[in-house]
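Trainee: What follows is a structure written as structure tokens; I'll ask about it next.
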Amino acid sequence: MHSHSEPGLSRRDLLVAGAATVAGSAATGPAHAQDAVNTSSMDTVPRAPVHAPVRFTVNGREHALELDTRTSLLDALREHLHLTGTKKGCDHGQCGACTVMVDGVRINSCLTLAVMHEGADVTTIEGLGTPDRLHAMQAAFVKHDGYQCGYCTPGQICSAVAVLDEIKAGIPSHVTADIMATPEFSVDEVRERMSGNICRCGAYSNIIEAITEVAGRAA
Amino acid sequence: MKPFTYERAASPAQAAAAAIQMPGAKFIAGGTNLLDLMKLQIETPAHLIDVNRLALDTIEPTQEGGLRIGALVSNTDLAADARVRRDYGVLARALLAGASGQLRNKATTAGNLLQRTRCPYFYDTDQPCNKRHPGSGCSAIGGVTRQLGVIGTSDACIATHPSDMAVALRALDATVETVKADGATRRIPVAELHRLPGDTPHVETVLEPGELITAVLLPAPVGGTQIYRKVRDRASYAFALVSVGAILQHDGTGRIALGGVAPKPWRVEEAEAELPNGPRAFTTRLMAGARPTRDNAFKVALAERTLGAVLNEARG
């Protein structure tokens, strides 16, 4: 299963190394090109994939997995546990589509390795509610049309649930006027705290309405 | 991403020792910067040492009346700490001005200090970059430079340090505590942690191979009005064009560090004598020797105006 990746990797790496050498020569001449060759050739030594065991709980169910160490928590959820509600957007922590809760706090699941989460308690969109019993935030997103294409929605909802918890826990934000005071719910607070979740359809105003309704209901 | 072996460190000293025994080893804590760079093959560690299980996630008072912040304290927890909010407001404000809620929950104190530049040419592996491939050249010089550095830069690199937190720590005269591969510990002022690029921009700190940051030490509170003002292209979740971390006293004295303008948090203590003479006099001293490009010359004027706004805010 792993053998196919070695020739693939080394061919690709040779191409990368070739490009770096050419770039190095063109920019700085032979002395500096030598550095580029050395650095690149170190990278071209094919490395075999490494697997490691990890156990964590997802939505109340324990899982024991044996994963390539490179597997992000996001890929473990989607590709290994087939929980495809959590979405891969940018895969670089910029869009928030992959937001899940780990041990009670929201994180970008694309920017963390699954093997780093031994013993963790993960909650994904599938753990918040079911089609028959929606979480209040899911119901509010439906009611207020807090989406168009829906791709960013699981991340938006997980983030929104966590945002209300963070305000309740007294965590200040960039727009909290008095940093010593207990922060209070406001539209400005929600806009700031939700800035790590991008919606390309631009459903922001409806997302704010949905979150505001849930905050009011909870208050 | 390149394959790598993985271990969970048992102690700070063991982590530091392992880091020089395993070729190509790197520490991983929050991972929010390192994994981004590994996906792009800008970083290609052969071995990751996971330091997350080390008990370095508490904030304790020090005998000197300050705080000892464990290296693994998250940016969220640090910004929310009541003592930090009360006595080190510039730090809480700087942290909250950075990144997104999700990232602050994962990013650590030491990792924030050691994050790499967001220079677009460092990120573009098709372009020469002296940080990525020493000696290959700097694509930023003569390129699109609006976001890049105006002071402390060199002919080899004009990248900026992206951290907000580090700017506040510089104004607060914080110190980092480390453990080296041989088990020895030392303290390094944040002022001396980051190196200017010179002709070796790939060497970004004075840390030795394997040396692990275990804590950040804050001196006893100095009071004053503490402000962190960040100017950026979006109201949230964007890196600074210019930021000002300020601790201003009623007698007109103060400490000021700038972000977004240099390869490290930019502070010149001697320039602070000019603070009573207004933002222009101070900024002229602070930014003496600046070498902006056509596209980022605005940062010098923006620094002066942002400082002026901060001084006005402090006066109330």
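The values are calculated or read from the model by the stated rules, or taken from the named source; none is laboratory data. No experiment lies behind these values; they were computed from the predicted model shown. Note: ideal-geometry Cβ built from the backbone for every residue, glycine included; neighbour counts use all protein chains shown. Surface accessibility is based on the protein's heavy atoms, side chains included, excluding ligands, DNA and RNA. Shrake-Rupley method; radii C 1.70, N 1.55, O 1.52, S 1.80 Å.
Trainee: Translational D (Stokes-Einstein, µm²/s) of region B:234-316 at 37 °C and 0.692 mPa s when Rh comes from the Kirkwood sum over C-alpha pairs? Write out the running numbers ahead of the final one.
Mentor: Numbers: Rh = 13.1 Å.
Answer from the Stokes-Einstein relation: 250 µm²/s.
Trainee: Evaluate the Kirkwood expression for the hydrodynamic radius of region B:1-145, namely the inverse of the mean inverse distance over all pairs of different C-alpha atoms, and round to one decimal in Å. Present the calculation step by step, with values, prior to reporting the outcome.
Mentor: Numbers: mean 1/r = 0.0585 Å⁻¹.
The answer is 17.1 Å.
Trainee: Which whole-Hz ³J(HN,Hα) couplings does region B:49-58 yield from phi under the Karplus relation 6.51 cos²θ - 1.76 cosθ + 1.60, θ = phi - 60°, glycine and proline marked x?
Mentor: Rounded to whole hertz, the list is 10, 7, 9, 5, 7, 6, 7, 10, 10, 10.
Trainee: List the relative contact order of region B:23-138 as a percent without decimals, with contacts defined as Cα pairs under 8 Å and 6+ residues apart. Write down the numbers at each step before the final one.
Mentor: On the way: 142 pairs, mean separation 28.2, N = 116.
Answer for region B:23-138 is 24 percent.
Trainee: I would also like to ask the following. Take peptide A:105-117, look around each residue's Cβ out to 10 angstrom, count Cβ atoms belonging to other protein chains, and average those counts.
Mentor: Per-residue shielding by partner chains comes out at 6.
Trainee: Turning to a different aspect of this structure: Please give the average number of partner chain Cβ atoms lying within 10 Å of the Cβ of each residue in B:119-130, rounded to a whole number. Don't skip to the answer; put the middle values down first.
Mentor: Numbers: counts 0, 0, 0, 0, 1, 0, 4, 4, 2, 8, 2, 4.
Other-chain Cβ atoms within 10 Å of each residue's Cβ, averaged: 2.
Trainee: Which FRET efficiency value, to the nearest 0.05, is calculated for A:Val175 and B:Arg186 with the Förster distance at 41 angstrom and r the Cβ-Cβ distance? If you can, show how the numbers build up before the last one.
Mentor: On the way: r = 39 Å, r/R0 = 0.96.
About 0.55, to the nearest 0.05.
Trainee: For B:Arg234 and B:Glu208, what is the calculated FRET efficiency with R₀ set at 25 Å and r taken between the beta-carbons, to the nearest 0.05?
Mentor: 0.10
Trainee: For a test of the definition: using alpha carbon positions, the gyration tensor, and the 1.5 limit on a/c, classify region B:132-276 as rounded, prolate or oblate. Mind dumping the intermediate values first?
Mentor: Numbers: a/c = 1.96, a/b = 1.11, b/c = 1.77.
Cα axes put region B:132-276 in the oblate bin.
Trainee: Calculate the length of the line joining the C-alpha centroid of region B:147-222 to that of region A:108-163, in whole Å.
Mentor: Here the answer is 37 Å between Cα centres.
Trainee: Amide H of B:Thr205: which non-local residues (sequence gap of 5 or more, or other chain) have their own amide H closer than 5 Å, using H built in the peptide plane?
Mentor: Correct list: B:Arg195.
Trainee: From the helices alone, meaning DSSP H stretches of at least four residues, give me the mean residue ellipticity at 222 nm for chain B, per-run term -39500 (n - 2.57), in deg cm²/dmol to the nearest 500. If you can, show how the numbers build up before the last one.
Mentor: On the way: 12 runs with 88 residues, N = 316.
Per the formula, -7000 deg cm²/dmol.
Trainee: From the convex hull of the Cα coordinates of the protein assembly as shown, what is the mean projected area in square nanometres? Intermediate results must be reported in sequence, preceding the final value.
Mentor: Numbers: hull surface 100.8 nm².
One quarter of the hull surface, i.e. the mean projection, equals 25.2 nm².
Trainee: For B:41-47, what's the mean count of beta carbons from other chains sitting within 10 Å of each residue's beta carbon?
Mentor: 2
Trainee: How compact is chain B by the rule of thumb for globular proteins, expressed as Cα Rg over 2.2 N^0.38 Å? The partial results should precede the final answer.
Mentor: Numbers: Rg = 19.0 Å, N = 316, 2.2 N^0.38 = 19.6 Å.
So the Cα radius of gyration is 0.97 times the expected 2.2 N^0.38 Å.
Trainee: What are the ³J(HN,Hα) values, in whole Hz, obtained from phi via the Karplus relation 6.51 cos²θ - 1.76 cosθ + 1.60 with θ = phi - 60°, for each residue of region B:308-316 in sequence order, with x given for Gly and Pro?
Mentor: x, 5, 5, 5, 4, 4, 5, 6, x
Trainee: Let me ask something else about it. Based on the mean of other Cβ atoms within 10 Å per residue, sort peptides A:75-82, B:214-221 so the most packed one is first. Mind dumping the intermediate values first?
Mentor: Working: A:75-82: 18.2, B:214-221: 20.6.
The peptides rank, most packed first, as B:214-221, A:75-82.
Trainee: If you don't mind, another one. Residues of region B:132-150 that become at least 40 Å² less accessible with every protein chain present than in their own chain isolated, using 1.4 Å: which are they?
Mentor: Buried-area filter returns B:His133, B:Pro134, B:Gly135, B:Ser136.
Trainee: 5 Å is the cut-off here: which amide hydrogens, built 1.01 Å from N in the peptide plane, fall below it relative to A:Ala97, excluding neighbours closer than 5 in sequence?
Mentor: Amide H neighbours of A:Ala97, under 5 Å, 5+ apart: A:Gly89, A:Cys90, A:Ile198.
Trainee: Sorting check: for B:143-155, B:88-100, which peptide has the highest mean count of neighbouring beta carbons within 10 Å, and how do the rest follow?
Mentor: Those peptides, ordered most packed to least, come out B:88-100, B:143-155.
Trainee: Taking amide hydrogens as modeled 1.01 Å from N in the peptide plane, which residues meet the under 5 Å criterion relative to B:Val176, leaving out close sequence neighbours?
Mentor: So B:Val176 has HN proximity to B:Ile188, B:Val190, B:Leu217.
Trainee: Just list whichever of B:Lys106/B:Lys230; B:Lys26/B:Lys230; B:Lys106/B:Lys264; A:Lys87/B:Lys39 have alpha carbons separated by over 27 Å in the model shown. Before the final figure, lay out each step's value.
Mentor: Details: B:Lys106/B:Lys230 22 Å; B:Lys26/B:Lys230 31 Å; B:Lys106/B:Lys264 23 Å; A:Lys87/B:Lys39 17 Å.
With Cα atoms farther than 27 Å apart: B:Lys26/B:Lys230.
Trainee: About the Cα centre of chain B, what is the dipole size in debye to 20, counting +1 per Lys and Arg Cβ and -1 per Asp and Glu Cβ, all else neutral?
Mentor: Details: 36 positive and 31 negative charges, 149 e Å.
Computed about the Cα centre, the dipole is about 720 debye.
Trainee: So in the protein assembly as shown, what percent of DSSP beta bridges are antiparallel if you round to the nearest 5?
Mentor: Details: 49 of 59 bridges.
Of the beta bridges lying entirely in the protein assembly as shown, close to 85 percent run antiparallel.
Trainee: Let me ask you something else. According to a simple spin-label model (label point 7 Å from Cα along Cα-to-Cβ), what is the distance in nm between A:Thr84 and A:Gln148?
Mentor: Computed distance between label sites A:Gln148 and A:Thr84 equals 2.4 nm.
Trainee: Considering Cα pairs under 8 angstrom that are at least six residues apart, work out the relative contact order of region A:102-219 and quote it in whole percent. If you can, show how the numbers build up before the last one.
Mentor: On the way: 105 pairs, mean separation 36.4, N = 118.
31 percent.
Trainee: Considering only protein heavy atoms, what per residue accessible area in square angstrom results for chain B with a 1.4 angstrom probe?
Mentor: 38 Å²
Trainee: If you don't mind, another one. From the C-alpha gyration tensor of region B:95-143, pull out the three semi-axes of the equivalent ellipsoid (sqrt of 5λ each), sorted largest to smallest, in whole Å. Intermediate values should be presented prior to the final figure.
Mentor: Numbers: eigenvalues 157, 26, 15 Å².
Equivalent ellipsoid semi-axes, largest first: 28, 11, 9 Å.
Trainee: Calculate one ³J(HN,Hα) per residue across region A:148-154 by plugging θ = phi - 60° into the Karplus curve 6.51 cos²θ - 1.76 cosθ + 1.60, and present them in order as whole Hz with x for glycine and proline.
Mentor: 10, 6, x, 5, 7, 4, x
Trainee: While we're looking at this one, here's another question. Could you run the Debye sum over the Cα atoms of region A:129-214, one equal point scatterer each and no solvent, and tell me log10 of I(q)/I(0) at q = 0.13, 0.21 Å⁻¹, two decimals?
Mentor: So the normalised log intensities work out to -0.40, -0.95.
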